[in-house]
1. Would you confirm, using the coordinates I've provided, whether Asn305 is surrounded by 15 or more Cβ atoms within 10 Å (Cβ to Cβ), touching a strand residue (DSSP E or B) at 6+ places or on another chain (Cβ under 8 Å), free of Cβ contacts under 8 Å to residues at least 60 places away in the same chain and polar (S, T, N, Q)?
2. Could you please give the count of residues in segment 64-82 that are within 15 Å of the ligand (Cβ to nearest atom) and either under 15 Å from Ala145 (Cβ atoms) or of a type in the set (Val, Ile, Thr) (or both)?
3. For the list (1) of a type outside the set (Phe, Trp, Tyr); (2) within 26 Å of Ile268 (Cβ to Cβ); (3) at pLDDT 95 or above; (4) assigned to a loop (DSSP other than H, G, I, E, B), I need the number of the one condition that Pro336 fails.
4. Checking the structure you have, find out if any residue of segment 226-244 is over 13 Å from the mean Cα position of the chain (by Cα), among the β-branched types (Val, Ile, Thr) and within 22 Å of Ala81 (Cα to Cα).
5. Can you pull out the residues in segment 277-299 that are buried (at least 21 other Cβ atoms within 10 Å of the Cβ) and either modelled with pLDDT under 95 or not hydroxyl-bearing (Ser, Thr, Tyr) (or both)?
6. Out of all the residues in segment 33-63, which are touching a helix residue (DSSP H, G or I) at 6+ places or on another chain (Cβ under 9 Å), of a type outside the set (Gly, Ala, Ser), closer than 23 Å to Arg378 by Cβ and more than 11 Å from the ligand (Cβ to nearest atom)?
7. Could you please give the count of residues in segment 194-211 that are at pLDDT 95 or above and either among the acidic types (Asp, Glu) or within 20 Å of Val53 (Cβ to Cβ) (or both)?
Amino acid sequence: MQILQEQITSPPIHPSEARADSTGVLLTVDLDALAENYRRLDRLSGRATCAAVVKANAYGLGVAIIAPALHLAGCRTFFVATFAEANDLRDVLDANGQDAEVFVLNGISVQDAAPAQERRLVPVLNSLEQVAAWRTSATSQPEVAIHVDTAMSRLGLPLAAAAHLLSESDLYEELNVTALLSHLACSEQPDHPLNRQQLESFMALREGLPPLRSGVANSSGIFLGPEFCLDLVRTGVALYGANPTPDRPNPMAEVVNLKGKIIQTRQIDRGMTVGYGATFTATRPMRLATVPVGYADGYARALGNRGLGEIGGVRVPVVGRVSMDLTVFDVTDVAPGIAVPGNDIQLIGGAASLDEVAEAAGTISYEILVRLGARLKRIYISTAEHT
Ligand SMILES: *Cc1c(COP(=O)(O)O)cnc(C)c1O
């Protein structure tokens, strides 16, 4: 809650006012781009409800600002992972005078049924045991969603168990089942045969059941086509600007941008080394620029000798290991007078896109996003008033 308080006291500022802090780092979160992405995904999902996934503090971007901005963009259904996140989200929405449905993907312990019902936090039930516990809970006809596993083997009822359960008419007297969900395993690979198999298993399950609001698609699932959108889609990473269609250009607007000011430059000779472990050796005379961002800021250590930034329109590679608080770039090929102390290197965004940085780090944009706020203060920007 302390984090939430801090975010509430940092309202969005106009992009032209966004300045690096005294350490020379600027992490911005563009709320206009976020809203544009929400509206675009909502349009693409046709008649389906477009729900926003704001688990893990809105993928590390700060749920206290992100959720109200999404609500302003039209979002009225949210998903989080845990009951604690759901309570925080409800606090945030209440504080902003906003109302919305809130689903909890990892379920809610039946001991918390009463406060959950009072605050309208809806558990996604993932096993027969959870369903059984909620059927006998003290609250009357609690609202729940049911998650069916069609390929993930992670959470959710197995298909056969779900089919049996959902055919019991008593179930609907004991529980107010407001949604039936499944989750796609390979949605970012449009040609993967599992996508259609999962959809077909899910549709077969639904046949003959009372009409239940249904959904299988995450961000990439929306781009598989209208038949995957059903009644409800759950979009997370695409809202925050990552590419939901990795084999095509990114259709989403950039939300997250990280820049670091050059705090030192130096010329090194052929044969000299850079950084811990001397993992990089100059093969020619080189000019280097040091930026005050490191793995403690969420700039992945795996980017050592693999990452890239951008300055003056030139892509500049990371040389040597990323340190806790510092990273060194090879700026030899940048025009004179540009890669000088006080000027910015673009670390994430622009020509060093989030997805490309993630790939260079051997991970996915999700993981880069959730780690970015570790030390850096997020500056929210918007040309509109978001209060
Ligand atoms: C995290 C999550 C999502 C959102 O996925 P994105 O790929 O970020 O859109 C949707 N559904 C479930 C069950 C999730 O765990």
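1. Details: surrounded by 15 or more Cβ atoms within 10 Å (Cβ to Cβ): yes; touching a strand residue (DSSP E or B) at 6+ places or on another chain (Cβ under 8 Å): yes; free of Cβ contacts under 8 Å to residues at least 60 places away in the same chain: yes; polar (S, T, N, Q): yes.
The answer is yes for Asn305.
2. The number of residues fulfilling the criteria is 7.
3. (3)
4. Of all residues in segment 226-244, those over 13 Å from the mean Cα position of the chain (by Cα) come to 226-233.
Then drop every residue that is not among the β-branched types (Val, Ile, Thr), which leaves 233.
Okay, now just the ones that are also within 22 Å of Ala81 (Cα to Cα), so 233.
Checked against the condition, which is being over 13 Å from the mean Cα position of the chain (by Cα), among the β-branched types (Val, Ile, Thr) and within 22 Å of Ala81 (Cα to Cα), segment 226-244 yields at least one hit.
5. Residues satisfying the conditions are Phe280, Leu288, Ala289, Val291, Val293, Asp297, Gly298.
6. Answer for segment 33-63, where residues must be touching a helix residue (DSSP H, G or I) at 6+ places or on another chain (Cβ under 9 Å), of a type outside the set (Gly, Ala, Ser), closer than 23 Å to Arg378 by Cβ and more than 11 Å from the ligand (Cβ to nearest atom): Leu34, Tyr38, Asn57, Leu61, Val63.
7. The qualifying residues number 5.
Residues checked against (1) away from the ligand (no atom under 16 Å from the Cβ); (2) under 22 Å from Asn250 (Cα atoms):
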{"position": "Arg301", "(1), (2)": "yes, no"}
{"position": "Gly309", "(1), (2)": "yes, yes"}
{"position": "Val334", "(1), (2)": "yes, no"}
{"position": "Asn343", "(1), (2)": "yes, no"}
{"position": "Ala351", "(1), (2)": "yes, yes"}
{"position": "Ala360", "(1), (2)": "yes, yes"}
{"position": "Ser365", "(1), (2)": "no, yes"}
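The values are calculated or read from the model by the stated rules, or taken from the named source; none is laboratory data. All figures in this text were calculated on a predicted structure; none of them were measured in a lab. Heads up, the Cβs are rebuilt from the backbone with ideal geometry, glycines too, and the neighbour counts pull from every protein chain shown.
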